[in-house]
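The values are calculated or read from the model by the stated rules, or taken from the named source; none is laboratory data. Please read all numbers here as calculations on a predicted model, not as lab measurements. FYI the Cβ positions are ideal-geometry reconstructions off the backbone, even for glycines, and counts take in every protein chain you see. Each accessible area value is taken on the protein alone, full model and side chains, heavy atoms only, with ligands, DNA and RNA left out. Shrake-Rupley method; radii C 1.70, N 1.55, O 1.52, S 1.80 Å.
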Amino acid sequence: MYHCAIQNLIPRRRRRLLLSTAQPDIAESLHSAASADLAPLRVAYESAALAAILGDSDVLAVFGFGARAPAAHADPRYLRVNLEPSGDAAPFEVWRVRGHVRTQRDGDIAWALDGDYAFGAIEVDEAVHGDIEGAAEFAYRRLVDALGASDTPHVLRIWNYLDAINAGEGDAERYRRFCVGRAAGLAAHGFVDAYPAATGIGVRDGHRVLQIYWLAARTAGTALENPRQVSAWRYPRQYGIKAPTFARAMRAPTQSAQVYISGTAAIVGHASHHHDDLEAQIDETLANIDSVLAAAQIAPAGRLDGGAVLKVYVRRAEDLEPARKLLREKLPASAQPLLLRGDICRSELLIEIDGVQSS
Ligand code: 3EB
């Protein structure tokens, strides 16, 4: 296979860090998926008390959202994301695994692992590294080093949250500078055109601390692209000096199909569509998600279904309720999207959706 030949040219240490195979080998990837032995991660929104959830030894990670969630916990499995949920109280997002979870802190990285999967998180103070670009490069070097030294070197999915994502003009916009730093951190380790699924969203908490967390696995997933969209890492120069380095989705190396969908918005080709039209952006976003799921070939229909766990990031607070109503009409009845107020990395985009579709 073409990509195997390439991989064989890469020094062993770097080869371990390669994320995934390329999409054109979908037939082969489906074949290899059949021999994958990981149990699917179980992702759900749960409303129990944090202490009760953390009391379960199958819990790999727990996320709280917004100012009402606990800020921190001694347990490395807990992370608060500073995005305010719509309505009163948000549930916790909980990741559960098959095995018994162990935790550790490795300097600035919090870990939880069960042998099949690892959750990791790092928070980097921008001031210590000069700016958002320096913080991103440092964070990604740390992330890749830590994964490479672990038994779970294959990162499936990464979330990136940063303050004031749209501040700054042109190439000086903070999101674009984040992309430069991220690309530098990844390139230092030989990542080329093979990236994990990802989300990059802006918080508005005034804390210049870059927050990154990830899901990694013992075996590699398969990165997927969306035929309706230019691959993000091939975006033209107009969107910044360094293109965003993420795949549109990641098929997990699990026996029953599971697809991690990257943050998805109303981008067709490489252009944003439907400026100032929330409903049209939602429709375009859902069309993109259907398209990437069709590419994943996990279901004949290739559509979101009730097994999907979704997060919906909405730029304007006043769009939260309209977005909830529209999504209730447009999503399968059993889908329970968590709506969060968050900034999307292009200022004209009003909504972005990410999630996990399990078969
Ligand atoms: C896009 O499609 C929208 O920089 O990691 C989506 C998902 C987006 C991830 C990232 C950015 C990222 O380009 C933005």
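Annotations
- For R228, no residue whose modelled amide H falls within less than 5 Å of its own remains once neighbours fewer than 5 places apart on the same chain are excluded.
- Length gained when the stretch R141-E329 is fully extended (0.36 nm per residue, less Cα-Cα span): 63.4 nm
- Rounded to the nearest 20 debye, the dipole size of the chain about its Cα centre is 840 debye, using +1 on the Cβ of Lys and Arg and -1 on the Cβ of Asp and Glu.
- Using a simple spin-label model with pseudo-atoms 7 Å out from Cα toward Cβ, E46 and A172 lie 4.7 nm apart.
- Gyration tensor verdict on the chain (Cα atoms; rounded if a/c is under 1.5, prolate if a/b is larger than b/c, oblate otherwise): rounded
- Accessible area (Å², per residue) of the stretch 4-254, counting only protein heavy atoms and a probe of 1.4 Å: 40
- When the helices of the chain are scored as -39500 (n - 2.57) per DSSP H run of n ≥ 4 and the total is divided over every residue, the value at 222 nm lands at -7500 deg cm²/dmol.
- Rounded if a/c under 1.5, otherwise prolate or oblate - the stretch 71-165, Cα gyration tensor axes: oblate
- 3J(HN,Hα) along the stretch 114-129, derived from phi through the Karplus expression 6.51 cos²θ - 1.76 cosθ + 1.60 where θ = phi - 60°, amounts to 10, x, 8, 10, 9, 9, x, 8, 9, 10, 10, 6, 4, 4, 5, 10 Hz, with x in place of Gly and Pro.
- Counting only lysines at least 8 places from K311 when in the same chain, those with an alpha carbon closer than 23 Å to its own are K325, K330.
- In order along the stretch 140-152, the Karplus-derived 3J(HN,Hα) couplings, from 6.51 cos²θ - 1.76 cosθ + 1.60 at θ = phi - 60°, round to 6, 5, 4, 4, 5, 4, 5, 5, x, 8, 9, 7, 10 Hz, and Gly and Pro are given as x.
- The heavy atoms of D277 offer some 70 square angstrom of accessible surface to a 1.4 angstrom probe.
- Rounded Å value of the spacing that divides the Cα centres of the stretch 94-108 and the stretch 111-162: 15
- Accessible-area composition of the chain, carbon plus sulfur, in percent [1.4 Å probe]: 52
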